1. Can you list the HN-Hα couplings for the range 56-72, worked out from phi with the Karplus curve (6.51, -1.76, 1.60; θ = phi - 60°), rounded to whole Hz and with x for Gly and Pro?
2. What is the magnitude of the charge dipole of the chain about its Cα centre, with +1 placed on the Cβ of each Lys and Arg, -1 on the Cβ of each Asp and Glu, and no other charges, expressed in debye to the nearest 20?
3. Skipping prolines and chain starts, which residues have an amide H placed within reach, meaning under 5 Å, of the one on residue 74, given they are 5 or more residues away or on another chain?
4. List 21, 3 from most exposed to least, where exposure is judged by having the fewest other Cβ atoms within 10 Å.
5. Determine one quarter of the surface area of the Cα convex hull of the range 1-54, which equals its mean projected area, and express it in nm² to one decimal.
6. If each DSSP helix of 4+ residues adds -39,500 (n - 2.57) and the sum is divided by the residues in the chain, what number results at 222 nm, nearest 500 deg cm²/dmol?
7. Quick one: 3J(HN,Hα) in Hz for the range 12-17, Karplus 6.51/-1.76/1.60 with θ = phi - 60°, rounded, Gly and Pro as x.
8. Which net charge results when you count Lys and Arg as +1 and Asp and Glu as -1 among the other residues whose beta-carbon is under 12 Å from that of residue 11?
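Just so it is clear, none of the values below were taken in a lab; they were calculated from the coordinates. Since the model is a prediction, treat every value here as computed from it, not as a measurement. As a convention, Cβ positions derive from the backbone with ideal geometry for all residues, glycine included, and neighbour counts pool all protein chains shown.
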Amino acid sequence: MFVLVRHSHAGEKKQWHGPDVERPLSPLGHKQAHGLVAALSGIEIETLLSSPTTRCRQTLLPLAQARGLPIHDEPLLAPDAPPDELFAALHRPDADRAVFCTHGEILNALAEFAQSRGIPGLPPSGATAKGGVWFVDCGAGPPPALRYLAPIPTG
């Protein structure tokens, strides 16, 4: 099983004047990131992989601190990453017990890639709120079993 996380709520793009990769979480996003620790309690996690953006790394930071795990940057989780390569990476054995933090557009592209090839078992496009979590259990399938957890707090 692995976990897909859409980064927590970040400040508005239009109000951020720096490079988008450096856009941080909002106060709500920080609360959501801390909520991730409780949401994933009881889940065995060995690896934390993040888009190399500040908001994704900040989303995983409380979990990393609570678990004593480093956060590894993964370019395949970045906003412009090719969905076919990420899809292949998610199906490698080392994806088991990993948490992947990425962006809504990547989750959507991943879903559309799978759907266009008739591959079931990925979150539907547009179905993940900021800070939302998908538990993906490949041992239950095919197709993999999916369970969605909405972000807490939501607003």
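1. Computed from phi, the couplings for the range 56-72 are 6, 4, 5, 4, 8, 4, x, 5, 4, 5, 5, 9, x, 10, x, 9, 9 Hz.
2. Dipole of the chain, to the nearest 20 debye: 520 debye.
3. Here the answer is 50, 51, since their amide H atoms fall under 5 Å of that of residue 74.
4. 21, 3
5. Taking a quarter of the hull surface, the average projection is 4.2 nm².
6. The helix-only estimate for the chain comes to -9500 deg cm²/dmol at 222 nm.
7. 5, 4, 5, 9, 9, 9
8. Taking every other residue near residue 11 into account, the sum is +2.
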